[in-house]
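Q: Dumping the structure here so I can ask a few things about it.
The values are calculated or read from the model by the stated rules, or taken from the named source; none is laboratory data. In this text, all values refer to a predicted model and were calculated from it rather than measured experimentally. Neighbour counts are summed over all protein chains in view; Cβ atoms, including those assigned to glycine, are modelled from backbone coordinates with ideal geometry.
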């Protein structure tokens with residue numbers, strides 16, 4: 001188990017992107033908006049950045065089978081598993097409708113043929129812009 005307070009956001013994000021690329025589920029300890037903690041096993045299918053600059057993991061919750069969003073800064077700890085995804089997720093190829101009002105997101109595309117460190121650098125550059 002990795003504790004997010006013991007590593008940089010870049011290291012956490014790098015490991016979660018690797019889990020996404022390899023389609024490995026992740027068990028997270030997450031602090032909800034009301035301050036309570038919950039433990040979930042999730043299957044990440046997208047990572048987005050909001051207009052406010054928050055990094056959000058979009059994932060399928062294995063317990064409920066529903067799509068959920070988790071802010072990276074609210075992760076307390078996580079464990080990446082070696083198993084494969086099992087939960088059916090939204091159609092990945094369909095363009096996602098973005099809300100006109102409220103929470104807006106920016107999808108950052110990165111080339112998959114680059115090493116993971118180069119992809120993290122591209123993501124960091126996109127966040128800074």
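Q: Given the condition loosely packed, with under 15 Cβ neighbours inside 10 Å, modelled with pLDDT of 85 or more and at negative phi, answer yes or no: does some residue in segment 85-96 qualify?
A: yes
Q: Would you point out which residue out of 2, 74, 62 is farther than 21 Å from residue 123 by Cβ and at pLDDT below 95?
A: When all the criteria are applied, what remains is 62.
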